1. Give the residues of the range 64-83 that are under 28 Å from residue 352 (Cα atoms) and crowded, with 22+ Cβ neighbours inside 10 Å, sorted by residue number.
2. From (1) in contact with a Phe, Trp or Tyr (Cβ under 9 Å, 6 or more places away or on another chain); (2) crowded, with 21+ Cβ neighbours inside 10 Å, pick out the condition that doesn't hold for residue 266.
3. Any residue at all in the range 228-237 that is hydrophobic (A, V, I, L, M, F, W, C), farther than 17 Å from residue 322 by Cβ and touching a residue at least 60 places away in the same chain (Cβ under 8 Å)?
4. In the range 28-40, which residues are more than 25 Å from residue 432 (Cα to Cα) and touching a residue at least 40 places away in the same chain (Cβ under 8 Å)?
5. Of the conditions (1) open to solvent by less than 50 Å² (accessible area, probe 1.4 Å); (2) over 26 Å from residue 406 (Cβ atoms), residue 286 clears all except one; give me its number.
6. Check off (1) without any contact (Cβ under 8 Å) to a residue 40 or more places away in the chain; (2) open to solvent by 40 Å² or more (accessible area, probe 1.4 Å) for residue 183 and give me the number that stays unchecked.
7. Which of the residues that make up the range 393-424 are open to solvent by 40 Å² or more (accessible area, probe 1.4 Å), closer than 13 Å to residue 440 by Cβ and at pLDDT 80 or above?
Amino acid sequence: MKTIILSLLSFLFFGYTNGQVDFGEQQSFSISFDSVWNAFFYDMDGDNDIDILYGGNRIGWIENTDGNGNFSEFHNVAYTWETYVSATDIDNDGDLDILEASLLGPGGLGWYENNGQGDFVLQQLIWVNTEYFGVNFVNHSDIDGDGDQDVIYSLTCLAPYCESHEIGWFENSDGQGSFPYNNNFISYVIDFGSTYAADIDGDDDDDVVSEGLNGIFWYENTDGQGNFGTGQIISTTESLAYIKDLDGDGDIDVLSKSSNGKISWHENTDGQGDFGIQHIISYDFYPYAVFAVDIDLDGDIDVLSTSKSKDKIGYFENLDGQGSFGTLHTIDDDINDPMSVHANDIDGDSDMDILVSSRTMDSIVWYENLSPLGVNENALTNFSIYPNPTNGILNIQSQKNTVQIDVINSLGQLVLTNTEKSSIDMATLAKGLYILKIIDENGNLGFKKILKE
């Protein structure tokens, strides 16, 4: 019954289900990005559109000049060496700063402060590289629950000097980007890879999921203040790819990849960190990078991946919202050495566009999502809304008593809800297109598009 209801809602809400999303031709840039390792969609200059941040032998960002995916400004932040980047608000001033992890050369781990318009000051060091050590991954989370973003890292001891690696975190001690020069150790691992933080066990603090040569593990934040338990096994045969709620049950599942070509996911069966058997998504894609997002805007999470060995990028559709995935939908099968992959709305039309980096080609490319948002407004419940567009209170008039009002964003995520009211306040939401869903006293549903100004 649940599957039938989800499928019906997908048809009524989005106008299509189990259909392939069409993407445009590869769009590239005129400059060489100097061995780019990764690239992400972020709003770097605070103008409410999506720019591109990248790292490699250079850290920089590309400005989306009109919010429609037209790029004209290239901003260099720093020249580095084999650098992985991420972005978050380190100093709590409302803009995105840049975190960097350098595997080689001076620096190691640091951050660059954003003045609010995409101009960045010189690197502020968190950890200084030594002769034999480097940092190969950086992420962020409020590990100690004090309201600011701390820094998670993986530290690599370079062969042939040693083989031990470690994961840990640095505390943002004042919420403004001051990091004491001592790390908080989590675990030693062998041949470390990526690290993510999320509430794995449902106790309202962020735990850590990581990988090593001997599998995928998660570490419980035992007190909510950054003291971690021993690693708990998720898989002993695969590498960590990404984390996301893939089956729509409200907890975090784990995506994995393997050297024999598989993409899989592991269900968090009880929401407390007990992981079930491997669910195969694909046997022969040979994934390199994996990202999870609602590509087709049907309200569930699909899986997007690059394959370096096949020079290909594509996605797998979540057919039922519960983690049953379809066959590969190819986006591009002629992209040389694709590495990182990310998705966001780059051209302001409320659907998911795709961003890919290629280290070998020194390039970043993106693909426009050509499918319409496709929401079919319907009159299962006869109601009207005003004002639309709105910048605050949205009023609802209905012939039947309204028992619930939901606002859903373009990712299919519930962002606001009210019960037994005739209005809803959207003032806190970002500008853009949303869907209003109401439920009346008879259980009937109605949908309308809303533009938040």
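The values are calculated or read from the model by the stated rules, or taken from the named source; none is laboratory data. If you're wondering where the values come from, they're calculated on a predicted model, not measured in any experiment. Note that each Cβ is placed from the backbone with ideal geometry, even for glycine, and that neighbours are counted across all protein chains shown. Just the protein is used for accessible areas: all its heavy atoms, side chains included, with ligands, DNA and RNA removed. Shrake-Rupley method; radii C 1.70, N 1.55, O 1.52, S 1.80 Å.
1. Restricting attention to the range 64-83, the residues satisfying the condition of being under 28 Å from residue 352 (Cα atoms) are 64-77, 83.
Correct list: 64, 77, 83.
2. Only one criterion in (1) in contact with a Phe, Trp or Tyr (Cβ under 9 Å, 6 or more places away or on another chain); (2) crowded, with 21+ Cβ neighbours inside 10 Å is unmet by residue 266, namely (2).
3. So the first thing to find is which residues in the range 228-237 are hydrophobic (A, V, I, L, M, F, W, C), and the list is 228, 233-234.
So of that shortlist, the ones also farther than 17 Å from residue 322 by Cβ come out as 228, 233-234.
Subset that is touching a residue at least 60 places away in the same chain (Cβ under 8 Å): none.
There is no residue in the range 228-237 that is hydrophobic (A, V, I, L, M, F, W, C), farther than 17 Å from residue 322 by Cβ and touching a residue at least 60 places away in the same chain (Cβ under 8 Å).
4. Here is the first cut: in the range 28-40, the ones more than 25 Å from residue 432 (Cα to Cα) are 28-38.
The answer is 28, 29, 31, 32, 33, 34, 35, 36, 37, 38.
5. Evaluating residue 286 over (1) open to solvent by less than 50 Å² (accessible area, probe 1.4 Å); (2) over 26 Å from residue 406 (Cβ atoms) leaves (1) as the failure.
6. (1)
7. 404, 422, listed by residue number.
So that you can scan it fast, the table gives a plain yes or no per residue for (1) closer than 29 Å to residue 314 by Cβ; (2) touching a residue at least 60 places away in the same chain (Cβ under 8 Å); (3) out of contact with any Phe, Trp or Tyr (no Cβ under 6 Å at 6 or more places or on another chain):
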site: 21; (1), (2), (3): yes, yes, yes
site: 42; (1), (2), (3): yes, no, yes
site: 47; (1), (2), (3): no, no, yes
site: 51; (1), (2), (3): yes, yes, no
site: 59; (1), (2), (3): yes, no, yes
site: 68; (1), (2), (3): yes, yes, yes
site: 72; (1), (2), (3): no, no, yes
site: 89; (1), (2), (3): no, yes, yes
site: 117; (1), (2), (3): no, yes, yes
